[in-house]
1. Among the listed residues ASP13, ASP81, which satisfies the condition of being under 18 Å from the mean Cα position of the chain (by Cα), closer than 30 Å to GLY126 by Cβ and of a type in the set (D, E, K, R)?
2. Yes or no: the stretch 101-124 includes at least one residue that is part of a helix (DSSP H, G or I), over 23 Å from LEU11 (Cα atoms) and either among the hydroxyl-bearing types (Ser, Thr, Tyr) or open to solvent by 40 Å² or more (accessible area, probe 1.4 Å) (or both).
3. With the requirement that a residue be closer than 15 Å to LYS3 by Cα and among the acidic types (Asp, Glu), what does the stretch 20-41 give you?
4. Within the stretch 73-90, identify whether any single residue is within 18 Å of LEU11 (Cβ to Cβ) and out of contact with any Lys or Arg (no Cβ under 7 Å at 6 or more places or on another chain), and answer yes or no.
5. Find all pairs meeting these conditions: Cβ atoms under 8 angstrom apart; at least six residues apart or on different chains; first residue within the stretch 25-51 and of a type in the set (Phe, Trp, Tyr); second residue assigned to a helix (DSSP H, G or I).
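The values are calculated or read from the model by the stated rules, or taken from the named source; none is laboratory data. All figures in this text were calculated on a predicted structure; none of them were measured in a lab. Heads up, the Cβs are rebuilt from the backbone with ideal geometry, glycines too, and the neighbour counts pull from every protein chain shown. With ligands, DNA and RNA removed, areas are computed over all heavy atoms of the protein, side chains included. Shrake-Rupley method; radii C 1.70, N 1.55, O 1.52, S 1.80 Å.
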Amino acid sequence: MRKFVLPAAELIDRLAVDQIKEMLFDDNKSITEEIDKLSHDIDMLIQDKKIVLNSRLLRVLMVLSQINVHIWYIKDKIQDDEERYDELLKLAHQINGVRNRMKNILLEEFGDKEKSLVRSNFDTDGLKGWEPSI
């Protein structure tokens, strides 16, 4: 029985964010518990959908994890540097566009064809250097 009613792309993205939290915060018991539940659901989906690990899937997972770390650090910078708030917020939104592209690829990989799941906010508005070759 699944613990969450989320598509695989959202489960994996949430797992990536929780992994960041687990590394950064001392009191992480609740985070570890959520990681276990997310892992359970992801394992179920991999088994049920017969997902085969391939280099494209690995690369999407790596990019998604890296992007989540960058967004996390940008949000920290926003709090510390009020003068650059608008610039950093725009950068976080632009990078989030790449994140949404990766989540859309995960939807493909897991065969989630529901159109309402597709992320449409993937415009990077002139962002340079953030185009993974996937």
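1. ASP13
2. no
3. Once the filter is applied, which keeps residues that are closer than 15 Å to LYS3 by Cα and among the acidic types (Asp, Glu), the stretch 20-41 yields GLU33, GLU34, ASP36, ASP41.
4. No.
5. From the stretch 25-51, the pairs are PHE25/ILE31.
Conditions (1) of a type outside the set (Asp, Glu); (2) closer than 17 Å to ASN100 by Cβ, marked per residue:
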| position | (1), (2) |
| --- | --- |
| ASP18 | no, no |
| SER39 | yes, no |
| ASP43 | no, no |
| ILE51 | yes, no |
| LEU61 | yes, yes |
| ILE67 | yes, yes |
| ILE71 | yes, yes |
| ILE74 | yes, yes |
| ASP80 | no, no |
